[in-house]
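To keep things clear, I will list the structure first and then write my remarks on it.
Any read-out appearing in this document is the output of simple, stated calculations on the displayed coordinates, not a laboratory observation. Because the structure is a prediction, the values reported are computed rather than measured. Cβ atoms come from the backbone with ideal geometry, glycine included; neighbour counts cover every protein chain shown.
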Amino acid sequence: MDYEEVLEHYSRPQVKSEVSTYCRGKWIALEGSRRDGGRLFLRYERRPRRPLTINTPEDLDKAFKSLRYSRPRTVYASINAYRKLEDPEDLEEPTNIVGSAPIWDVDASLDTWEYSLKIARVIVSSLDDQGVSRSVFLKWSGRGMHIHIHEGAFSRDLLKRRNPLDISFSMVEYVLKKTESQLADLIAKAPQSSDRPLKVENKIDLKRVFTAPLSLHKSLNLCCVCFRPNDLDNFNLDWAQPDDYRHDESWKVFEEGEADPLAEKALAEIGGYSGWPKTVTRTKEQGKTRPPRAEERRLGRFQVMGLLQAVRYYIVTGNLERAKSFGLNRAIFYAWAKRRGRSRLRQTRTTGRMPTVPVEERRAEQLGNEKAFVSTGGWFAVGDTEQTPADYDRQIAGRIEAAAIRYEDAWAAAIKYVDGFTRETLLDQQGFYAEVYRRVRDTFKAFIERG
């Protein structure tokens, strides 16, 4: 497809309408190319420097014209919708986020696209079981599947109480945990692609973007098309042909409040977006706050707790996989204890967040004088939910990497640090918390960098 054909595609009234509707109120990215053939990813207007936005069909025309030197081809929009987008600092203010879409990202290839549909069915079925259906739509992006819940599916009351990004991150993580074994079985059965491996991930973060409906793929001659879950059995790649696409405009349909119950469960278990910075700096010009860049961020206490508890268990037992399960389990337990109070953690809840099995009947494992419950599957568990090594990799190791720290370096530093304490300290619940964790909970990144 030459560039004249690209421009012709984006000149179509339906394409301009669908792209601009999806992008309204969001931070935009345009992907184009340099003269040497390399890719350009554009997110700001040049003068003055401000976030790129597309709120109307005319804005799309203007963006392509003003950035024509980069030959833009693909349009992306942030998962977050914002109250205002007038300068870069607006992107760093959590209270400026007014909506955020839970999106499950399925990476596939032209060899494995049918398996991406099977993965989508598992996730859609899980959402349907939780009462979320009217606000769900799917996108074939050209080389993968995106399963969306419309950002309008949450009530104003919930959005007043919790940040939209906390909601979207927690919901994606929660459903991935609930469907983990089914998804793993499907991925294991999929053919090995020569292009890229089949996988499904939680890619929700503060600056994440996803392809806009009817946008062209960055390299394939395919476009991004939307369809509803009841069309999963009918979809095929012909729908994404730019000259004869099949696209469902009803992706805009949602039911306000439909996703609230699932969001509440997810927030209770996951706790929110784990990538929020722990400190802010102030700009002298505007007097506004902004989170520090990745290289400036401290590790969150949740990740420090999970890492140190995993190392503690590993040093005592030598079992790495169970150490990961134990580390995440203790991090979740202490986070809940702080928010809810320890007595409430021992109560049986009708919401399903707490154990439905009487405490005295549940299996437990002792590490010194600390007891942690174990699921029927053999992993440590809080309530009815087990914490697997894969969960640890996503919620602890992955977030450590997101703070610009190699996980291998963090693990090595933690081993060196924890191994310096006596065995008696490691086997004592309160001693470990007070003497090992509290000393470095806010300074562990600096500890790693010092070596």
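Please rank 336, 140, fewest neighbouring Cβ atoms within 10 Å first, as an exposure proxy. Display every interim value, and only then the final one.
Working: 336 20, 140 29.
Fewest-to-most Cβ neighbours within 10 Å comes out as 336, 140.
Subtracting the Cα-Cα distance of residue 366 and residue 45 from 0.36 nm times their residue separation leaves 109.8 nm of extension gain. Measuring r between the beta carbons of residue 114 and residue 438 and using R0 = 56 Å, the FRET efficiency lands at 0.65. In degrees, nearest 10, range 0 to 90: what is the angle between the Cα axis of helix 164-178 and the longest Cα principal axis of the chain? Tilt of helix 164-178: around 70 degrees.
Here 338, 26, 178, 445 are placed in order of increasing Cβ neighbour count within 10 Å, fewest first, which gives 338, 178, 445, 26.
Modelled spin labels at residue 69 and residue 3, positioned 7 Å past Cα toward Cβ, are 1.2 nm from each other. Spin-label pair residue 401-residue 58: with each label point 7 Å from Cα along the Cα-Cβ axis, the two points sit 4.5 nm from one another.
With a cut-off of 15 Å between beta carbons, the residues surrounding residue 105 carry a summed charge of +4, where Lys and Arg count +1 and Asp and Glu -1.
What the phi angles of segment 32-43 give under the Karplus curve with 6.51, -1.76 and 1.60, with θ = phi - 60°, is a coupling list of x, 9, 8, 5, 7, x, x, 8, 10, 10, 9, 10 Hz, glycine and proline written as x.
Using a ≥ b ≥ c from the Cα gyration tensor of segment 61-190 (square roots of the eigenvalues), is it rounded, prolate or oblate, where a/c under 1.5 gives rounded and otherwise the larger of a/b and b/c decides, a/b for prolate? Before the final figure, lay out the partial values.
On the way: a/c = 2.52, a/b = 1.23, b/c = 2.05.
Oblate, since a/c reaches 1.5 and b/c is not below a/b.
What's the ranking of 240-248, 222-230 by average number of surrounding C-beta atoms within 10 Å, highest first? List each step's numbers first, then the result.
Numbers: 240-248: 16.1, 222-230: 20.3.
Packing proxy ranking, top to bottom: 222-230, 240-248.
Ranking request for peptides 31-37, 370-376, 77-83, 198-204: highest mean number of other beta-carbon atoms within 10 Å first, then the rest in descending order. Let's see the in-between values first.
Values: 31-37: 12.4, 370-376: 16.1, 77-83: 22.3, 198-204: 20.7.
Top to bottom by mean Cβ count within 10 Å: 77-83, 198-204, 370-376, 31-37.
Put the Cα centre of segment 367-410 next to the Cα centre of segment 31-61 and the gap is 40 Å. Ordering 171, 1 by the number of other Cβ atoms within 10 Å of each residue's own Cβ, fewest first, gives 1, 171. Net charge of the neighbourhood of residue 85, taken over other residues with C-beta under 10 Å away and scored Lys/Arg +1, Asp/Glu -1, is +1.
Overall shape: oblate for segment 3-270, with the ratio a/c of the largest to smallest alpha carbon gyration tensor axis at 1.5 or above and b/c at least equal to a/b.
Once a ≥ b ≥ c are taken as the square roots of the eigenvalues of the Cα gyration tensor of the chain, is the result rounded (a/c under 1.5), prolate (a/b larger than b/c) or oblate (a/b not larger than b/c)? List each step's numbers first, then the result.
Working: a/c = 1.94, a/b = 1.58, b/c = 1.23.
It comes out prolate by the Cα gyration axes.
Charges were assigned to the Cβ only: +1 to each Lys and Arg, -1 to each Asp and Glu. The resulting dipole of the chain about its Cα centre is roughly 1900 debye.
Our estimate of slack between residue 182 and residue 157, defined as 0.36 nm per intervening residue step minus the Cα-Cα distance, is 5.6 nm.
Of 138, 63, 109, which is farthest towards the positive pole of the chain's charge dipole, taken about the Cα centre with +1 and -1 on the beta-carbons of Lys, Arg and Asp, Glu respectively? Ranked along the dipole, the leading option is 63. Helix 57-66 sits at what angle to the longest principal axis of the chain, using alpha carbons and giving 0 to 90 degrees rounded to 10? Taking Cα atoms only, the helix is inclined about 90 degrees. The residue list 385, 192, 304 was ranked by how far each Cα lies along the charge dipole of the chain toward its positive end, using unit charges on Cβ atoms, and 304 comes out on top.
Summing charges over neighbours of residue 182, with a neighbour being any other residue whose Cβ is under 10 Å away from its Cβ, gives +1 when K and R count +1 and D and E count -1. The simple Förster model, with R0 at 41 Å and r as the Cβ-Cβ distance, assigns residue 315 and residue 384 a FRET efficiency of 0.90. Calculated mean residue ellipticity at 222 nm for the chain: -10500 deg cm²/dmol, from DSSP H runs with n ≥ 4 weighted as -39500 (n - 2.57), summed, divided by the residue count and rounded to 500. Seen against the Cα atoms of the chain and their longest principal axis, helix 13-23 is set at about 20 degrees. Within straight-line reach of residue 84, meaning a Cα separation under 16 Å, sit the following lysines at least 8 residues removed in sequence or on another chain: 26, 207, 288.
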